[in-house]
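Here the structure comes first, spelled out in structure tokens, and everything after it is commentary.
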Amino acid sequence: MREAVRGGALPGAMLGRMQSAVTIRDGDPNDRATLLEFHRALYVDHQAAVLPAQEAALVAYRDFERVLRDDVDGLLRGGAHIVLIAERGAEPVGYITGHVEREPLRVCTPKGVVEDWFVVERARGGGVGTRLLGALEARFRDAGCAMMESATWASNRGAREAHRARGFTEIQVVFRKPL
Ligand SMILES: CC(C)(COP(=O)(O)OP(=O)(O)OC[C@H]1O[C@@H](n2cnc3c(N)ncnc32)[C@H](O)[C@@H]1OP(=O)(O)O)[C@@H](O)C(=O)NCCC(=O)NCCS
């Protein structure tokens, strides 16, 4: 097979499909280390890359490693959160999490809320994020949701574009100033 690939015997489209075959599955407690790694990549590395230092200082936690661990444990406790993992072959390449919120006094209820959405850098731009979001959206629809929400930093321009590309409209602005 390897020789066939090198020799170009496989049609390009078939080769592309083999390389990009991604599956989406539910996360479980065995994924704790993977989720912790992804959570750190999203909330430490990516956040540092997109959030200006003076803004980061205003929302910093005292013991962020502990916060990350507690958050992942909460995600995996079951029940409240939907946790989906994207795998290329056996390699985890991204995750998305969310939950369903019910507000009986509102007309539009329940609603789906996206919590974390992340794809490893080397796998971005190939539709993995779209697959994850689509799978979460399907869960929200199954739960009877008529709409879904997601939030990100104003300075996270790539994510804002990705949300727009997937049909979201920006509807809220949060103001903050240091005192
Ligand atoms: C946001 C993210 C999950 C998208 O994953 P991905 O696998 O790259 O997404 P896809 O390849 O499915 O692209 C989805 C759409 O968004 C667009 N898009 C994605 N990243 C983009 C960027 N940085 N700039 C502009 N458009 C972008 C794509 O062009 C595509 O639109 P199209 O289908 O009209 O071409 C990924 O970029 C990521 O992990 N970013 C860092 C973490 C983050 O900011 N998460 C979101 C905030 S919680």
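The set of residues in the range 86-143 that are free of Cβ contacts under 8 Å to residues at least 60 places away in the same chain and among the basic types (K, R) comprises R102, R106, K111, R122, R124, R139, R141.
Which of the residues spanning the range 152-170 are closer than 23 Å to P52 by Cβ and part of a loop (DSSP other than H, G, I, E, B)?
Once the filter is applied, which keeps residues that are closer than 23 Å to P52 by Cβ and part of a loop (DSSP other than H, G, I, E, B), the range 152-170 yields T152, W153, A154, S155, N156, E170.
Does A33 qualify as being away from the ligand (no atom under 15 Å from the Cβ), among the small types (G, A, S), in a helix (DSSP H, G or I) and closer than 22 Å to R88 by Cβ? It is true that A33 is away from the ligand (no atom under 15 Å from the Cβ), among the small types (G, A, S), in a helix (DSSP H, G or I) and closer than 22 Å to R88 by Cβ. Filtering the range 132-165 to residues that are among the hydroxyl-bearing types (S, T, Y) and more than 15 Å from the chain's Cα centre (by Cα) leaves only S155. The residues in the range 58-75 that are touching a residue at least 12 places away in the same chain (Cβ under 8 Å) and surrounded by fewer than 16 Cβ atoms within 10 Å (Cβ to Cβ) can be counted, and the count is 4. Among residues of the range 155-168 that are closer than 21 Å to A56 by Cβ, those with a Cβ under 7 angstrom from a residue that is within 6 Å of the ligand (Cβ to nearest atom), sequence gap 6+ or separate chain, pair up as A159/T152; R160/T152.
Within the range 132-179, track down each residue that is acidic (D, E), more than 9 Å from the ligand (Cβ to nearest atom) and over 12 Å from G112 (Cβ atoms).
E170
Only one of the numbered conditions (1) among the aliphatic types (A, V, I, L, M); (2) assigned to a helix (DSSP H, G or I); (3) within 22 Å of A123 (Cα to Cα) is violated by I24, and that is (2).
If only residues of the range 108-131 that are of a type in the set (K, R) and within 12 Å of the ligand (Cβ to nearest atom) are counted, the one that is farthest from the chain's Cα centre (by Cα) is R122.
Taken together, the values in this text are just the output of simple stated rules run on the coordinates, not laboratory data. Remember, predicted model here, so these are calculated numbers, not experimental data. Neighbour counts are summed over all protein chains in view; Cβ atoms, including those assigned to glycine, are modelled from backbone coordinates with ideal geometry.
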